[in-house]
Amino acid sequence: MSTASTPPIDATTTPSWADLTAHQAALNPDLRAWFAQDPGRAARLTFDAADLHVDLSKNLVTDETIALLVRLAQDVDLAGRRDAMFRGDHINVTEDRAVLHTALRRPSGASPELTVDGQDVDADVHTELAKVYAFAEKVRSGEWTGVTGERVRTVVNIGIGGSDLGPVMAYEALLPYKAEDLDVRFVSNIDPTDVAEKTAGLDPRTTLFIVASKTFGTLETLTNARLARDWLWTELAAVGALEDSDEARTAAVGKHFVAVSTALDKVAAFGIDPANAFGFWDWVGGRYSVDSAIGTSLAIAIGPARFEEFLTGFHAIDEHFRTTPIEQNVPALMGLLNVWNVNFLGAHTHAVLPYAQYLHRFPAYLQQLTMESNGKSVRWDGSPVTTETGEVFWGEPGTNGQHAFYQLIHQGTRLVPADFIAVANPAHPLADTAAGDEPVDVHSLFLANFFAQTKALAFGKTADEVRAEGTAEDLVSARVFSGNRPTTSILAPALTPSVLGQLIALYEHITFVQGVVWGIDSFDQWGVELGKKLANEIAPAVTGDAAALAAQDPSTQALIGWYLEQRS
Ligand code: F6P
């Protein structure tokens, strides 16, 4: 039976919520004591999901907390909602759509077959993937050429939001796997600086643009695509590679532009041959689309075999999430812990701190995934939420963050739960041979920081410990660390394509779990619409239409007026 449009269960009225409230009121978190009294705590609260080794033991929870959170999951029918998602029910209620990013990574021949709304989902996914892979191979091998017959050296992905953040994050994360003779650049911002900077120094003869847009109606992307097309025509002409004719210009677009979209009619209207377009479906949310054709730039960079490994990683976590009891289900437990931190401990933000330089765009990627999904004030039936929802996700790679904002996490007045992510084997196992008598493995030094930070946050430093170091009494309080600052440690063997897929799927499902508890539709994004509409309405005022300017509110009018005065 479909659970898609069933009204959400109000988590705050469930018995488990009441019990969690009472439990929190009586709880006096003390990680020092909890670990001292319970030698099995770390092992009991550490779980493996595919290649991910996840230690939850430094969170402010006891076994009872976990048991109550598992009961909460049962009370809101998390398993039922999860199964509805995997089955293809229309759980994106406000857009009346299935939510099937998990279908993008089902291996071919997976059983049982997945037919949703009359669509043979597996067949369509694998047909489209085969097209993407064939194209990627052509670009990588040099079979695909530009107008002068030269092979592609630079791919420029033009997209924004989910059509940019996933591909750029994954490209940066998997740089060691990229073809040496190919680079990818990413244009997203409608600030003309972006397209200008990203095309700077490129040879038009060897440049391929991918216009990536689910809707093919996004102002930023279409504007940037037109700017890029002008750039191509101008620069090809400048090197004598373009005749001054419409036919030649159309042919150049055919050789240097491809598209990824669910709206192939609009792709054709832009002038891109639909034969050079890769599709996906409206049941893939933009922020859940890096593993669809939206990842074409990545597939070109790392090659189809590595892209396939990437998908395998996602699928491994999907299977873990789909089949593991909640008590050991890592995405479920992490999502429930986030609910605990937000709704019972009062956390407003959540830091994601990768100790892996290649993951430097991961927090930015997660911002869209989590905040566009769960930044909602009404539930999927339109009723107001009954508790706080989406926390602010943010972060920077360690150790850079240590020298910037960790002060607040260690000693500030706010509770900032944090996920620490690291891999055991680095892409560059460099040794510092000049630091001392023995060479120092720099990655181990790096990870010493990872382990030290989570330890310091959990256990802190007491006033007596500070005094024992000989600190003057008037400085003691400034040097005390309260501890009891919750962290989750996520370790993986190495940052492979599979592990990256696993990490992304992990956070996709964490986000889903939180949305289910809060009763919200984590797959719509109506909150981005008003600003887009107003930008279109205000554009004439900014470009000199006096009547449009007069129609603005006094503040906006004055700001635009000042801007117009400044423009030279
Ligand atoms: O920011 C709103 C949004 O609709 C995102 O959800 C989406 O990822 C982004 O715009 C880009 O949309 P499109 O891929 O349709 O250009």
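Derivation of every value follows stated rules applied to the coordinates shown; laboratory data play no part. Note that the structure is a prediction, hence the values are computed from the model and not measured. Neighbour counts run over all protein chains shown; Cβ positions are idealised from the backbone, glycine included.
One table, with the values for the structure above:
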{"read-out": "Residues with amide H under 5 Å from that of Asn59, placed H, sequence gap 5 or more", "value": "Thr487"}
{"read-out": "Reachable aspartates and glutamates from Lys461, criterion Cα separation under 14 angstrom, eight or more residues apart if same chain", "value": "Asp30, Glu469"}
{"read-out": "Cβ-based net charge around Asp432, under 13 Å, with every Lys or Arg adding one and every Asp or Glu removing one", "value": "-3"}
{"read-out": "Cα Rg over Rh - region 146-191, Kirkwood", "value": "1.04"}
{"read-out": "Spin-label model distance (nm) - Ala268 vs Glu565, 7 Å beyond Cα toward Cβ", "value": "5.2"}
{"read-out": "Other-chain or far-sequence residues with amide H under 5 Å of Arg97's (modelled H)", "value": "Asn92"}
{"read-out": "Kirkwood hydrodynamic radius over Cα pairs of region 185-306, then Stokes diffusion coefficient at 4 °C and 1.567 mPa s, in µm²/s", "value": "86"}
{"read-out": "Relative contact order of region 396-461, defined on C-alpha pairs under 8 angstrom at six or more residues apart (%)", "value": "30"}
{"read-out": "Folded to 0 to 90 degrees: helix 497-518 orientation relative to the chain principal axis, Cα", "value": "70"}
{"read-out": "Other-chain or far-sequence residues with amide H under 5 Å of Val184's (modelled H)", "value": "Val155"}
{"read-out": "DSSP-defined beta bridges in the chain - what % are antiparallel, rounded to 5", "value": "30"}
{"read-out": "Fully extended contour minus Cα-Cα distance, from Ser477 to Ala548, at 0.36 nm per residue", "value": "19.7 nm"}
{"read-out": "Projected-area average for region 355-511 over all orientations - Cα convex hull basis, square nanometres", "value": "12.8"}
{"read-out": "Calculated [θ] (222 nm, deg cm²/dmol) that DSSP helices of n ≥ 4 give over the chain, each run adding -39,500 (n - 2.57)", "value": "-13500 deg cm²/dmol"}
{"read-out": "Share of alpha-carbon pairs per 10 Å distance bin for region 1-139, given as whole %", "value": "10, 24, 25, 22, 14, 5, 0"}
{"read-out": "For region 490-566, the fraction of alpha-carbon pairs in successive 10 Å shells from zero, as %", "value": "15, 25, 16, 16, 21, 7, 0"}
{"read-out": "Region 1-124: relative contact order in percent, alpha carbon pairs under 8 Å with at least 6 residues between", "value": "26"}
{"read-out": "Kirkwood hydrodynamic radius of region 59-126, from inverse mean 1/r over distinct Cα pairs, in Å", "value": "14.1"}
{"read-out": "Volume in Å³ per residue [convex hull over Cα atoms, computed for region 273-336]", "value": "117"}
{"read-out": "Ascending count of other beta-carbon atoms within 10 Å, so fewest first, for Tyr563, Tyr365", "value": "Tyr563, Tyr365"}
{"read-out": "Cα Rg, Dmax, region 323-406, angstrom units", "value": "14.9, 45"}
{"read-out": "Cα centroid separation, region 419-466 to region 55-132 (Å)", "value": "36"}
{"read-out": "Over 19 Å (Cα to Cα) - which of Lys131/Lys214; Lys214/Lys255; Lys131/Lys198; Lys58/Lys455; Lys138/Lys214 fall in this group", "value": "Lys214/Lys255; Lys131/Lys198; Lys138/Lys214"}
{"read-out": "Positive minus negative residues near Pro397 (Lys, Arg vs Asp, Glu; Cβ under 14 Å)", "value": "-2"}
{"read-out": "Alpha-carbon Debye profile of region 418-568, log10 I(q)/I(0) at 0.09, 0.10, 0.12, 0.16 Å⁻¹", "value": "-0.72, -0.81, -0.88, -0.97"}
{"read-out": "Order of Thr413, Thr193, Thr262 under a 10 Å beta carbon neighbour criterion, fewest first", "value": "Thr413, Thr193, Thr262"}
{"read-out": "Which of Trp518, Trp17, Trp233 has the fewest Cβ neighbours within 10 Å, and the rest in rising order", "value": "Trp233, Trp17, Trp518"}
{"read-out": "Rounded to whole Hz, the Karplus (6.51, -1.76, 1.60) HN-Hα couplings of region 361-366, x for glycine and proline", "value": "9, 4, x, 5, 4, 5"}
{"read-out": "Most to least packed among 52-63, 107-118 [average Cβ atoms within 10 Å]", "value": "52-63, 107-118"}
{"read-out": "Cα-based Kirkwood hydrodynamic radius, the chain, one decimal, Å", "value": "25.8"}
{"read-out": "Net charge contributed by nearby residues that have their C-beta within less than 14 Å of Leu559 (K/R +1, D/E -1)", "value": "-1"}
{"read-out": "Region 1-72: Cα Rg divided by the 2.2 N^0.38 Å rule of thumb", "value": "1.42"}
{"read-out": "Reduced Cα scattering model of region 376-419, Debye log10 I(q)/I(0), q = 0.24, 0.27, 0.30, 0.31 Å⁻¹", "value": "-0.85, -0.99, -1.13, -1.17"}
{"read-out": "Virtual spin-label span in nm between Lys533 and Asp124, 7 Å along Cα→Cβ", "value": "2.9"}
{"read-out": "Burial order of peptide ranges 288-299, 303-314 (average beta-carbon count within 10 Å, highest first)", "value": "288-299, 303-314"}
{"read-out": "Rg over Rh [alpha-carbon atoms, Kirkwood Rh] for region 87-225", "value": "1.02"}
